[in-house]
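The values are calculated or read from the model by the stated rules, or taken from the named source; none is laboratory data. Computed from a predicted structure; not experimentally measured. With ideal geometry, Cβ positions are generated from the backbone for all residues, glycine too; neighbour counts draw on all protein chains shown.
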């Protein structure tokens, strides 16, 4: 594999993993009846609506039937550098002891 192929592969894998992160976030929000757009906007007030969230919600693909632990979601968000969103998720989870 040449350097260009390796770089393209790494980028593709990162983008796929990022999609999984967004799916986990949306699923966590849906599991706890939280609006993912509102939570995202709270974390990033200067950004517009997140198109990736909208795409996942609007797609006909079923979102995983998964009970996602708040701590796990926070770690995944931080892994992708979404520290502000992880903080907001943590705040939301702390409001309701059953979400922790």
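Side notes on the structure shown:
- The helices (runs of 4 or more DSSP H) found wholly in the stretch 11-94 include none carrying at least 1 residues that are in contact with a helix residue (DSSP H, G or I) (Cβ under 9 Å, 6 or more places away or on another chain) and at pLDDT below 85.
- Verdict on residue 47 being out of contact with any strand residue (DSSP E or B) (no Cβ under 8 Å at 6 or more places or on another chain) and surrounded by 13 or more Cβ atoms within 10 Å (Cβ to Cβ): no
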